[in-house]
Amino acid sequence: MLTKKQNLYSVVGKKVNRVDALEKIDGSARYVDDLAFEDMLFAKMVCSAIPSGRIKKIDKSRALKLKGVAAVLTAADITGLNKIGCVVDDQPLLADKIVRFAGEPIAIVAAETREAAEEAAGLVDIEYEPLEAVLNVDDSFCEKVKVHPKGNTVCHYKVRKGGDIDEAFSKSFKVYEKTFTINYQEHLYLETQGCLALVENEGITVHGSFQCPFYVQGAVATAVGLPLSKVRVIQSVVGGGFGGKEDVPSEYAAKAALLAFVLKRPVKLILDRAQDLMVSSKRHPMKMEYKVGVTKKGKINALKVRALADSGAYTTLSTVVLFRTSVHFGGPYVIPNVCGDVIGLYTNRVPCGAYRGFGTPQVIYAMESMINIICNDMGFDPFEFRKNNALKKGALSINSHKIKESCGLIETIDKARKESDYDKRKKEFDRWNADESKRTLKGLGVSSIFYGMNLGAKGWFFDKAGSHIQICRDGSVTLCVGNVEMGQGAKTVLAQIAAEALGCQVGDINFTNVDTNIVPDSGPTVASRTTVMSGNALLDAANKLRKKLMNAAVEVLKLKVNQIMAKHGKFYNIKDSHQFVTFADLAKKCYFDNVSLSDMGYYVSPKVEYDMQNGQGEPYYVYSYATAVSEVEVDKKTGEVHVNKMTCAHDVGRVINPMLASAQIEGGVAQGVGYAIMENMVSEKGHIKTLGLSTYVIPTTRDFAEVKSVFVEDKSKDGPYGAKGLGEPSLMPVVASVVNAISNAAGCQFDHVPVLPERVWEALNEKKMRDDESEVR
Amino acid sequence: MPNKSFSAANLELKDMVDIDFTVNSVRRVLRVPCNYTLLDIIRYELKLTGAKEGCGMGECGACTVIMDGALAPACLVLATTLSGRDIWTIEGIKEKEDAKPIIDAFIARTATQCGFCTPGMVVASYHLLTKYESPTDEQILEGLSGNLCRCTGYVKIVEAVKEAAKELNTLKKEGRDA
C-alpha cells in the first residue's frame, strides 16, 4: 500500500523508459570506436611475453622499417612520469627494466592503419632474462621470491572484535572449519577498452569508454607532463564497465595521449578482445579459511577468517577493494567475537582490481557456504538461521558499526522465502530427487548480503559530487553531472530525481555530455554511488531553483507557497488543478524578470569514523541488503547445472525506477550465474589461456534464468528520496545462493568456484560410492 | 576515415578487391583491401557504425547483420565473398515498417543497458520474427543464442521480443481486416 507521501511523487518510483534507449537500440549511439578524426593513427601495445624477468634489450628497428609505422615508444620516451598507480605508486606506464606479469605493456606502437600497428607490434624485438615467477598466494605469502623489493604484502586488514577468539570457540556448541578457493572473474564488457587522444589547444583531449573521467585526466596529465587543466576528457557512450573501466582505462588513455602528444596527431587505441582479456584487471582470486562457532540455539558466536587475495603484479585498487572485503567477510550478521585477516599479495599475474561487488562476492560465497553447512548439519531452517543472526536496527556489525537506520534485511529474508515459494518448492524437489528414474537433481540455495554505500572510510576524502542545472527560457532543462552513464541507467534515474524536484517532466531534461572541462569533478562512477551522490547533488541545485520557480508561481497564481503543488510540468493550486501555470511559462517569466535559473549543487557523503588498526567503527554510513533464493537443476549423467530461477529481495531504500531496478537485478543474476558455474579463467605458468569468448564462456540465452525481483524499501535518510545503491548488490548474493543450491542438490558443499560440470559429476559419483558403501554395511 | 584502409599507405593494386553488392537496398560498388571483412566495410567504408566489434572472431554477435536472408557475423565474412550479396544492417532494418514494433518493445521493456550488443540483438530479433510469427520461448532463446549480452541477463530482451511478436500479429490482423 502506498503511503500518502509516496502518492505525492510524480516521477520518482515510477516506471519511466530509459532516456538513452532509442539511440542504443537503433545503433546511432556513438561509442569511442565509432569516432574518427582526420589524420588519425592507430595504436597497439607490445606486451611482455613472460610473467617475470628483466628486459635486456628492446629493438624497435624491424618495427620502424614497416611501411606506415609512425612511432614505437618505450619507457624512455615518456615525456612526463612513468607511473600509473592509482592508489600506490608501484606501477609503471610502460615496463622499465623489469616485467612483472605476462601481458605487461612494454612499448606502444602507432601506425597509419590498425593492421600495420598490429604487425609492427609483433616486430618489436624484446630480449628478456627470465626470473622465477610467483604464481599463487601461498608462494607469495612465504616470500621466498619477492615480486617487488619491498616484499609481497600489498595490504593487510585486521578486524578484531570481542574477546579472545580461541576462548570464544571453546564456548561454541559446534565449530565448523573449511577452506574455499575462488577463481578470477573477467568483466567481459561487450565493448573492449578503448580511447582516442588528440592534441588540442596546446593540451590533450581524450575521448573514451570510462567510468572515471577524472582519474583518466590525472593519469594523462602525469604521463604527458601537463597540468590537469590542459587535459580534457570527454566521455563516449560506454559499452559496459562493471568496475573494469574504473582505474584501468587510465593506463590506455595515458599511452594514447603520449603518442598523440609526441606525434601531434590523433591516436586511437582500441584493445582487441584477446589483449583485453590478457592485460585488463579481473576480480581477485582468493583463498579463504573460515572457522565458525555456533551456539546450541543457532547463534554464531565466533568467526575466524583468513583471506588471501591474489592482487597480481601491481597494487592498482587492491587496497580499497580488500578494505571492502574486510567489512563484508562476516556477512550481514551479528557476531560477538571476530578475528579476521584479509591479506592482499603480489604475484606475477595480471593485476586485479574493481569488479561489481568489489572484493565481496568471494567472501560472501565462503560465509554463506559455512551457513549452509551449519544449517544442514544442525538441522536449522536456512531462513530462520539467517534471521536469528541478522543485523537489525540497534545491532552491531562485525566492525561494531551500530546500525541506526534503513535496515530491511529481515524483511528481505521473509520476502525471499515467500516470493520464491520456498517451502512448497522444497517439498517438490525432495520428491523429485527421491525418484531415481529422473535424470536430474534439483536444489534450492539461499544467501543474504549487505553492502556499504559509497566509498566509505577508506575513500571518504573523494566521496563528493557536484551538479549544475540550467533551466532554459523555454522550460527545457540541462543537467550537468560528473558521474557517467555506462548502461546502469544513471541518466534516467537522475533525470527522474531532477524532474521530481523541479516539477518538470522527464522529457524536458537533457544532459550535458560528461566532459572534464564542463562537469564538476564528482569522483568515480563506482561503488553503486551515482544515484545517491549525483542524485543528492542534483537535489541541492534543484531545490534552489524550485524556490525561484515557486516565487514566480506565487506571483502568477496569487496563492501562497503551501497552496501550490508542482509536478509534470505544471505548478498548480492544490485544491483546484485547473488553476495552474506551466513550468515553461514560469521559466520564461523568470528569464524576463532577470531571475537566474542556473545553479550549482554539491554533496558530500556522510562522514564516517573508523579505526583501521582493529577494523572497528563505521566503515560506511549505511548499507543496502538483499536475500536471494536459487533453484538449480543438476544433470546426474553430465554434472551440468542449469539455474532455473532466482528470487531476489532487495532493500535499496526508495526504488527510483522499478523497471530499471529489476533490469539491474536480472543483469547481476546472469553475471553471478556465470561466475558460479561457467566462467573459468585458465592460467598456466602465469599465462592466461582463455583469451576468447569460446574459452572464457559467459552466459547466453541458453543459460537463461527466470528472475523474480522484489523490493523492500526501508528509506535511507541521506539518500535522494530515501534511495540507496543497487548496482553491485544485484550480483553479490548470486554466487553463494547458486553454489548452495548445487551443494544441496549434490549432497556436498563445493569448496571451489566456478563449480564446473566435471567437479559436480565427480561429487555425485563420490556420493554414490559413499551411499553404496553404507548400504552394504 | 577510421581505420584508413591499406589502399593509401601499404597496399598495391593487386591487394585490392572489387566488390559489387547491395547494402540496405542500395547497390554499392567498392574497391577495398582484400583482407577487409564485411564489418570493416560497413563500419569504415560505409560509415554504418551500428554493428560493433565485440570480439572480431564471430563469438559475440555484436556485429550481426542479415546476409541473403540469414544471420551472419559481419566480422567473419571476407570482402572477396561479398559480390552479389544482399546485406541488411541495423541502419536499414530500423527503417522497415515491421521493425518498428521491435524497437518500440525494446524501449518499453528497457531491453538495452550499455547498448553495445543491442543493434545486433535487434537484427537477430527482426530475423527471428520474420521466421516465426509467434515464436515459442524455445525458438526465442535459440534464435538469440548467438548474441551475447553482459548487462541484461536477457530477461527484458526476451520479454521485448514476445511483446513485439504480439504487436506485429495485431498489426497483420488489422491489415487483413482492413
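A short reminder: the numbers here are calculations on the coordinates, not readings from a lab. Predicted model, so just to flag it, every value in this text is computed and none were measured. No Cβ is skipped: glycine too gets one built from the backbone with ideal geometry, and neighbour counts run over all protein chains shown.
Seen against the Cα atoms of chain B and their longest principal axis, helix B:118-131 is set at about 60 degrees. The helix-based estimate of mean residue ellipticity at 222 nm for the protein assembly as shown, built from -39,500 (n - 2.57) per DSSP H run of four or more residues and divided by its residue count, is -9500 deg cm²/dmol to the nearest 500. Under 5 Å between amide hydrogens, built in the peptide plane, is the criterion, and for A:Asp611 it picks out A:Gln616, A:Gly617, A:Glu618 among residues at least 5 positions away or on other chains. When the trypsin sites (Lys or Arg not before Pro) in the range A:339-435 are filtered for DSSP coil states and for at most 16 other beta-carbon atoms within 10 Å of their beta-carbon, the remaining sites are A:Lys392, A:Lys393, A:Lys404. Counting only other chain Cβ atoms within 10 Å of each residue's Cβ, the peptide A:489-496 averages 1.
Could you tell me the center-to-center distance, by alpha carbons, between the range A:109-161 and the range B:29-44 in angstrom? Cα centroid of the range A:109-161 versus Cα centroid of the range B:29-44: 38 Å apart. Could you work out the relative contact order of chain B? I mean the mean sequence separation of Cα pairs under 8 Å and 6+ apart, divided by the number of residues, in percent. RCO, chain B: 20 percent. Assuming a ≥ b ≥ c are the square roots of the Cα gyration tensor eigenvalues, decide whether the range A:554-629 counts as rounded (a/c under 1.5), prolate (otherwise, with a/b larger than b/c) or oblate. Judged from the Cα gyration tensor, the range A:554-629 comes out prolate (a/c at least 1.5, a/b above b/c). Mean per-residue shielding of peptide A:664-675 is 4, counting Cβ atoms of other chains within 10 Å of each Cβ.
Using a cutoff of 8 angstrom between alpha carbon atoms and counting only pairs six or more residues apart, the relative contact order for the range A:552-618 works out to 19 percent. With the biggest extent put first, the Cα atoms of chain A measure 94, 78, 52 Å across the principal axes.
Would the range A:446-495 count as rounded, prolate or oblate if I go by the C-alpha gyration tensor, calling it rounded below 1.5 in a/c and otherwise prolate when a/b exceeds b/c, oblate otherwise? Oblate, since a/c reaches 1.5 and b/c is not below a/b. Normalising the Debye intensity of the range A:396-461 to I(0), with uniform scatterers on Cα atoms only, and taking log10 at q = 0.19 Å⁻¹ returns -0.86. When the alpha carbon coordinates of the range B:97-177 are projected onto the principal axes, the ranges are 42, 23, 17 Å, largest first.
For the residues of A:272-278, the average number of beta carbons from a partner chain within 10 Å of their own beta carbon is 2.
From the alpha carbon centroid of the range A:552-626 to that of the range A:672-721 is 37 Å. Annotation: the range B:6-89 has a Kirkwood hydrodynamic radius of 12.8 angstrom, from the mean reciprocal C-alpha pair distance.
Round to the nearest 10 and give me the degree value, 0 to 90, for the angle of helix B:155-177's Cα axis relative to the longest principal axis of chain B. For helix B:155-177, the angle is close to 80 degrees. Normalised by the number of residues in the range B:6-89, the mean separation of alpha-carbon contacts (under 8 Å, six or more apart) gives a relative contact order of 34 percent. Among the trypsin sites (Lys or Arg not before Pro) in the range B:18-115, those located in a DSSP loop and surrounded by at most 12 other Cβ atoms within 10 Å of their own Cβ are B:Lys47. Average projection, convex hull of the Cα set of chain B: 10.8 square nanometres. The protection proxy used here, the mean number of other Cβ atoms lying within 10 Å of each residue, ranks peptides A:633-639, A:340-346, A:17-23, A:571-577 as follows, highest first: A:340-346, A:17-23, A:633-639, A:571-577.
Here is the link list: B:Lys131/B:Lys173; A:Lys296/A:Lys767; A:Lys299/A:Lys387; A:Lys424/A:Lys767; A:Lys15/B:Lys94. Which ones come out longer than 19 Å on Cα distance? Exceeds cut-off: A:Lys296/A:Lys767; A:Lys424/A:Lys767; A:Lys15/B:Lys94. Loop-located trypsin sites (Lys or Arg not before Pro) in the range A:162-237 (DSSP state not H, G, I, E or B) with no more than 16 neighbouring Cβ atoms inside 10 Å: A:Lys171.
Counting Lys and Arg as +1 and Asp and Glu as -1 over every other residue whose Cβ lies under 15 Å from the Cβ of A:Ser326, the net charge comes to +3. Within the shell of other residues whose beta carbon sits under 11 angstrom from the beta carbon of A:Tyr215, the net charge comes to -3, with Lys and Arg scored +1 and Asp and Glu -1. Seen from A:Phe261, the other residues with C-beta closer than 12 Å to its C-beta sum to a net charge of +1, counting Lys and Arg as +1 and Asp and Glu as -1.
Peptides A:587-600, A:739-752 ranked from most to least packed by the mean count of surrounding Cβ atoms within 10 Å: A:739-752, A:587-600. Span-like helix criteria (full DSSP H runs; alpha carbon extent of at least 20 Å along the helix axis; mean Kyte-Doolittle hydropathy of at least -1.0) are satisfied in chain A by A:248-263, A:361-378, A:530-557, A:658-677.
Packing, taken as the mean count of other beta carbons within 10 Å per residue, orders the peptides A:123-131, B:166-174 from highest to lowest as A:123-131, B:166-174.
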